[in-house]
Amino acid sequence: MFRILLILSMFTGILSCNGGGEPMIAGRSEDSPEVIYHMVQRSFFDSNGDLHGDLAGLRQKLDYLQDLGITSVLLLPLYESVYYHNYFSGDFEKIDGEFGTKEDYLSLIKEMHRRGMKLYMDMETQYVTEDHLWYRDSYKNPASPYSDYLLYNGPGNTDPETIIFNLSELKGYDDTVRKITTVNLNHPKVKEYNYRLFSYWVDPNGDGVFDDGVDGFRLDHMMDDLDNKGKWKDLFTGFWKPLITKLKQVNPKLSFVAEQADWASLGLDYLEKGGVDRVFAFRVGFEIRDLNKQKLGTMADSVFGHTPPSKGQLVFIENHDMSRFAHVAQQHPGKLRVGAALNLLVGGIPSIYYGQELGMTGWGGFMRFGMTDANDIPVREAFEWYKSDTGRGMALWYKHTGPWWDSTNLKPNDGISVEEQQADTASLLHFYKRLIALRKKTAPLAGGAYQTLHNNSDSVFSFLRYRDGKAAIVIVNLGGQPAELSVGLSGHMDLSAVQHQVFGSDRAKFDKNRMELSISAHAVNVWEGKVSEKR
């Protein structure tokens with residue numbers, strides 16, 4: 001949703017440190033070979049020529065996603081809104097007409113399920129615009145049956161409560177302005193409405209068969225005390241957990257992931273008190289983006305070590321609210337590959353943001369274009385299908401609408417497109433394909449425990465993943481120079497059982513409980529073996 005991007009440098013706190021002694025084996029992450037593709041569907045593929053990406057367009061491109069290795073898709077909200085990102089709804093019960101019809105949705109999700117894929121829907125029911133029935137009917141009308149659905153300050157229903165950052169209205173990229181207010185999540189009727197709304201998407205025809213229903217939800221901007229105003233306290237136990245519990249009685253296989261509003265949080269209270277299954281591993285993601293060995297090791301140990309075994313962390317290096325990794329890495333090919341490897345191999349459930357696999361670039365930020373939701377358009381641009389950045393399906397919905405278009409990151413013949421990279425086996429796209437395939441066929445990488453392995457280099461990051469007696473050693477050179485490396489494995493690996501190298505070309509020598517290698521700049525290497533039961 002529309003928010004101030006947090007300053008990445010604030011995430012430098014250390015929660016735990018293993019020191020130089022024997023490392024502690026971290027708790028196992030959720031067992032899952034899943035790879036999620038997070039997309040702005042309006043920007044993905046346009047099936048009907050109106051420049052807006054849509055549900056039919058996504059269905060047409062499922063072959064591309066499966067060829068990449070994707071198992072699940074996470075969409076931005078589908079419900080009706082005047083805003084291009086579809087947060088701040090005018091009607092939660094209608095699919096945005098620019099995405100298509102209910103029939104388009106059902107056709108998409110049934111086809112995904114036929115292919116063994118999952119669909120996750122983004123939901124944010126904490127706010128509504130003046131277009132919503134609750135707002136229209138209750139504003140200046142205390143007798144409205146919806147008066148208690150919203151919070152008004154003072155008598156007469158003339159002063160609706162503001163939303164995050166005390167905003168009372170928001171200007172869209174197309175100069176549309178709407179008043180916005182906060183929903184009273186404490187009201188019993190609002191709780192019941194949310195249950196009915198979510199239940200509908202879980203089982204649209206109510207037949208108890210879920211081939212037409214979503215596989216889970218992303219809960220946007222989830223908070224225990226909404227916007228820290230003290231007006232909606234204890235929402236974890238009073239609103240979210242009861243809602244999730246009731247929905248899982250409908251379909252026990254549903255998965256809920258919370259976007260913790262505080263990006264500095266590990267999200268453990270969301271997992272323990274809020275009832276969700278997964279949270280976003282913000283702090284791991286930020287350290288991957290920084291390519292800082294020490295901070296990444298400490299944070300990965302903390303995050304994966306403290307996450308309950310039955311819960312999960314979604315690991316990502318890009319999303320729709322932050323500058324793209326290619327911008328942060330200055331499009332350096334080596335850094336892009338290192339980021340990909342850590343995103344996919346370090347632990348948890350990996351989430352790839354659409355276009356990340358191509359190295360799409362872009363940066364956004366609060367007030368770049370003023371007080372408007374256009375500030376993040378540069379990181380939500382049309383997916384680049386073609387070498388020319390023009391052609392059938394290009395979702396250029398923001399074309400010629402403002403300075404975000406005048407400074408677009410889409411450039412023809414720059415190597416950043418499916419057309420260009422599909423034909424080049426040395427491309428970033430193919431690198432992602434190989435990593436995803438490796439993760440799927442290597443059990444410890446698909447859902448094993450994580451543990452940092454100590455080595456003698458300032459730039460090389462090494463870690464162990466293990467499950468069911470099998471292990472994978474991953475060695476990643478974060479730096480641009482080759483390095484001579486010694487990695488300690490004492491107490492973890494039976495070196496006589498190290499079987500073979502499954503990724504990379506830097507050869508290693510094994511001697512007792514250590515491995516020695518000369519590693520190339522920005523290289524990624526993976527070995528398979530067996531893990532000792534010794535702790």
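Here are a few things to note about the model shown:
- Within straight-line cross-link reach of LYS295, aspartates and glutamates at Cα separation under 13 Å, skipping those fewer than 8 residues along the same chain: GLU287, ASP458
- Averaging Cα coordinates gives a centre for the range 314-377 and one for the range 65-104; these two points are 21 Å apart.
- Net length gained if the chain between ASP269 and TYR195 were fully extended (0.36 nm per residue, minus Cα distance): 24.4 nm
- Only Cα sites of the range 448-529 enter the Debye sum here, all with the same form factor; the resulting log10 I(q)/I(0) across q = 0.15 1/Å is -0.46, listed in q order.
- Given LYS233/LYS253; LYS335/LYS411; LYS248/LYS470; LYS189/LYS233; LYS241/LYS311, the pairs whose alpha carbons are separated by over 23 Å: LYS233/LYS253; LYS248/LYS470
- Amide H partners (placed H, <5 Å) of ILE352, local residues excluded: ILE36, TYR37, HIS38
- Under the Karplus curve 6.51 cos²θ - 1.76 cosθ + 1.60, θ = phi - 60°, whole-Hz ³J(HN,Hα) for the range 140-148, x wherever Gly or Pro sits: 6, 9, x, 7, 4, x, 9, 4, 7
- Pair ALA497, ASP406: separation of 7 Å Cα→Cβ label points (nm): 6.4 nm
- Computed from Cα positions, the angle between helix 333-345 and the longest principal axis of the chain comes to roughly 80 degrees.
- For the chain, the Kirkwood hydrodynamic radius from C-alpha pairs, put into Stokes-Einstein at 10 °C and a viscosity of 1.306 mPa s, yields a diffusion coefficient of 66 µm² per second.
- Under the Karplus curve 6.51 cos²θ - 1.76 cosθ + 1.60, θ = phi - 60°, whole-Hz ³J(HN,Hα) for the range 116-133, x wherever Gly or Pro sits: x, 9, 10, 10, 10, 10, 7, 10, 9, 9, 7, 9, 9, 8, 5, 6, 6, 3
- Carbon + sulfur, % of accessible area of the chain - ligands and nucleic acids excluded, 1.4 Å: 49 percent
- Per residue accessible area of the range 207-348, 1.4 Å probe, in Å²: 31 Å²
- Note, ³J(HN,Hα) from phi for the range 320-330, Karplus 6.51, -1.76, 1.60, rounded to Hz, x at Gly and Pro: 6, 10, 9, 4, 5, 4, 4, 5, 4, 8, 6
The values are calculated or read from the model by the stated rules, or taken from the named source; none is laboratory data. Quantities reported herein were computed from a predicted structural model and do not represent experimental measurements. Counting neighbours? That spans all protein chains shown, and the Cβs are built from the backbone with ideal geometry, glycine included. Heavy atoms of the whole protein, side chains included, go into the accessibility calculation; ligands, DNA and RNA do not. Shrake-Rupley method; radii C 1.70, N 1.55, O 1.52, S 1.80 Å.
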